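One structure below.
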Amino acid sequence: MLLRWCDQHGIPVHSLYLQSYNLDLTISNMNQLKFSPKKDYTANRLTSGVLQLSDHTHLVLNETAMQPGQLDANGMLLFGWGC
């Protein structure tokens, strides 16, 4: 609702918050993006995920970007529908 209001009035959502992140939930984003941190054992370090945000960050999930399509295993895991 806030996102729609801001679009109607030409106000970017990120101008209302000190820290904000807009994520379009498209099929390609859900299939390809890494949402949680993963351990890279060859480099012996943790690689960050898209949803690894700092404290008090306003997250906007744009569900209006969804189109019909097929989720792969990564996309299914995002919703907890383990394959």
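The table below lists the values:
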read-out	value
HN-Hα J in Hz across segment 39-47 - Karplus 6.51, -1.76, 1.60, θ = phi - 60°, x for Gly and Pro	7, 9, 6, 6, 8, 6, 8, 9, 9
Spacing of the two label points (7 Å from each Cα toward its C-beta) at L23 and K39, in nm	2.3 nm
Dipole-positive endmost among M30, N74, Y41 within segment 19-78 (Cβ charges, Cα centre)	Y41
Translational diffusion of segment 19-78, µm² s⁻¹ [Kirkwood Rh, Cα pairs; Stokes-Einstein; 10 °C; 1.306 mPa s]	123 µm²/s
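Each reported figure results from applying straightforward, stated rules to the coordinates on display, with no laboratory input. Since this is a predicted model, take the numbers as computed values, not measurements. For neighbour counting, all protein chains shown are included, and Cβ atoms are generated from backbone atoms with ideal geometry for every residue, glycine included.
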